[in-house]
Amino acid sequence: MIQVEHISKQFSKKKIIEDLSCKIEDNCIYGLVGANGAGKSTLLRLLVGIYEKEGGTIQVDGQDPFDNPEVKAKIVFVPDDLFFYGGYTLTDYAKIYQDLYPNFDKKMVEEMAKILKLNPKVPIETFSKGMKRQCALICAIATNAKYLLFDETFDGLDPVVRNFMKKRLAAQMSKQDTTIIMTSHNLRELEDICDHLGLLYQGGILFESEIDQLKTKMYKVQISFKEEFDENTFQDLELLN
């Protein structure tokens, strides 16, 4: 479980995160939504121990992640601004991840690369933006780490690949009891996959809720009848269409 209480972070005297608290349960998909500059990327870097907090506490399985190799071994972080070494292929990166994560699944990388038609022997720097994102997601999922953190998770992915990745992430959560945290500036990208949602605004969590509670009382229902029917069948209901 990740427990955050009253943390703050600033750069050049500008407060990016201020008195932020949230609780992320194990085995869930937690979405962070907020406009650009709301502090999403900074919060993820605090959770994985890249940045040091200024006040408050961050507990990942009861331990502070900053300067803590034991905690960091449980976490994979895919940033918004991806970086790949020149000349490195997906196969090369898989070997790096395999050295860092003992439960890394090399066969999963090969399988997903084949499905997505990614050549694992071609330098990643020659790939498109979306293909680079796919490589990063593939390696992250294949680590079988307990915590997967993604910044702007589906940026640059077309709808087909986006749906494929959502299915793989959901399957990973079910298989490994994985906790997934993903950010986006667009609620629509997250509402069909996340269990819980936090709205980040001006450096703080404005509110947290289960995703179903955020939806309106208007539902689309599909039904079938054995007998013939017409509009009179629904005379007691207010029909929209």
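Summary of values
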| read-out | value |
| --- | --- |
| Lys, Arg +1 and Asp, Glu -1 on Cβ, resulting dipole of the stretch 1-148 about Cα centre, debye, nearest 20 | 580 debye |
| Surface accessible to a 1.4 Å probe, per residue, for the residues of the stretch 16-86, Å² | 45 Å² |
| The chain: calculated mean residue ellipticity at 222 nm from DSSP helix runs of at least 4, using -39500 (n - 2.57) | -8500 deg cm²/dmol |
| Cross-link reach list, aspartates and glutamates versus K74, counting only Cα pairs under 17 Å and skipping chain neighbours closer than eight places | E25, D26, D61, D64, D99, D105, D177 |
| Potential lengthening between E25 and S174 on full extension [0.36 nm per residue; Cα-Cα distance subtracted] | 52.2 nm |
| Under-5 Å amide H pairs with T89, H placed in peptide plane, nonlocal only | I124 |
| Simple label model, 7 Å out from Cα along Cβ direction - K129 to D236, nm | 5.3 nm |
| Simple spin-label estimate for K121 and E18 in nanometres, 7 Å along Cα-Cβ | 5.6 nm |
| Area accessible to solvent at E5, 1.4 Å probe radius, in Å² | 80 Å² |
| Within the chain, longest stretch free of exposed trypsin sites (Lys or Arg not before Pro) [DSSP loop, at most 14 other beta carbons within 10 Å] | 14-116 |
| Charge dipole (the stretch 90-212, unit charges on Cβ, about Cα centre) - positive-most of L200, H185, F164 | F164 |
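The values are calculated or read from the model by the stated rules, or taken from the named source; none is laboratory data. Bear in mind that the values here come from a model prediction, so they are computed numbers and not experimental data. For neighbour counting, all protein chains shown are included, and Cβ atoms are generated from backbone atoms with ideal geometry for every residue, glycine included. Surface areas here come from the heavy atoms of the whole protein model, side chains and all, with no ligands, DNA or RNA. Shrake-Rupley method; radii C 1.70, N 1.55, O 1.52, S 1.80 Å.
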